[in-house]
Amino acid sequence: MASAPKILAFAGSLRTESFNKKLVKIAAAGARAAGAEVTYLDLRDLPLPIYDGELEAKEGLPANARKLKDLMLAHQGFLISSPEYNSSITGVLKNAIDWASRPVAGEASLACFTGKTAVLMSASPGALGGLRCLVHVRAILGNINVLVLPDQIAVSKAHEAFNPDGSLKDPKQQAAVEKLGQRLAEMLRKLQA
């Protein structure tokens, strides 16, 4: 019998009350309900300098970048919720991807990404719910060998969409986000078989 799929869930936001942190936690609950082992990561807990090749050459990989890489290596799948900043990916998420993609001696190129499977989602106060940024996140991940599932959700008017407990007010939307996590868990099981 295959082991439970391991999924790393995180949002491309540092805000404590981030809509995207709330959203990815809903998807994570769906993955757990489907039998996956889910680790939630708050990128605020792993502060990283802005990627700088000269800094890397001088000091090597920052300790928190190594921790991020280790977390990513330990999981087969990613649940990623990204806010939309100026119609694109957040600097925090892009910076985390950039540091995690850096080569390390004895490690295969793009080891944190190659062969991984991801599901994307977004929440934004705008009318499109962050949909435009998901195109960019999908392109970036696809170019570094991540299989990004076609299912995605963009929650518009996010400032009105959540209950105080972090759940979505719309039960159909809540179920759809939980289903994203379930689909990732199911796909990882199929890939393990």
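Descriptive notes on the structure:
- For LEU168, distant residues with modelled amide H under 5 Å away: ASN163
- At a probe radius of 1.4 angstrom, the accessible area of the chain per residue rounds to 48 square angstrom.
- The phi torsions of the range 148-164, fed into the Karplus equation with coefficients 6.51, -1.76 and 1.60 and a -60° offset, translate into couplings of 9, 5, x, 5, 7, 9, 10, 8, 7, 6, 4, 5, 10, 8, 9, 7, x Hz, rounded to whole numbers, with Gly and Pro shown as x.
- Heavy-atom accessible area for LEU188, with the other protein chains in place and a 1.4 Å probe, reaches approximately 10 Å².
- Total lysine pairs under 18 Å (Cα atoms) in the chain, excluding pairs fewer than 8 apart on one chain: 27
- Under-5 Å amide H pairs with VAL38, H placed in peptide plane, nonlocal only: ILE7
- Database remark: amide H of ALA154 closer than 5 angstrom to the amide H of SER122 (H placed geometrically; neighbours at sequence offset of 5 or more, or on other chains; Pro and chain starts carry no H).
- Of the beta bridges in the chain, as assigned by DSSP with both residues counted there, near 10 percent are antiparallel.
- Peptides 93-101, 53-61, ordered by how many other C-beta atoms sit within 10 Å of their residues on average, highest first, read 93-101, 53-61.
- Sequence ranges 142-154, 69-81, ranked by mean other-Cβ count within 10 angstrom, highest first: 69-81, 142-154
- Listed candidates (1) 16.7; (2) 21.3; (3) 18.1 - label of the one calculated as Kirkwood radius over Cα pairs in Å: (1)
- Over the chain, relative contact order from alpha-carbon pairs under 8 Å, at least 6 apart, %: 29
- DSSP beta bridges in the range 82-193 [antiparallel fraction, %, rounded to 5]: 25
- The magnitude of the dipole of the range 45-90, with charges of +1 and -1 set on the Cβ of Lys/Arg and Asp/Glu and taken from the Cα centre, is near 160 debye.
- Each Lys and Arg adds +1 at its Cβ and each Asp and Glu adds -1 at its Cβ; summed about the Cα centre, the range 103-191 shows a dipole of about 200 debye.
- The charge dipole of the chain, taken about its Cα centre with unit charges on the Cβ atoms of Lys, Arg (+1), Asp and Glu (-1) only, comes to about 420 debye.
- Counting protein heavy atoms only, the chain has 55 percent of its accessible area on carbon and sulfur, 1.4 angstrom probe.
The values are calculated or read from the model by the stated rules, or taken from the named source; none is laboratory data. Note that the structure is predicted; figures quoted are calculated from it, not measured. Cβ atoms come from the backbone with ideal geometry, glycine included; neighbour counts cover every protein chain shown. Remember, those area values only see protein heavy atoms, side chains included, never the ligands or the DNA or RNA. Shrake-Rupley method; radii C 1.70, N 1.55, O 1.52, S 1.80 Å.
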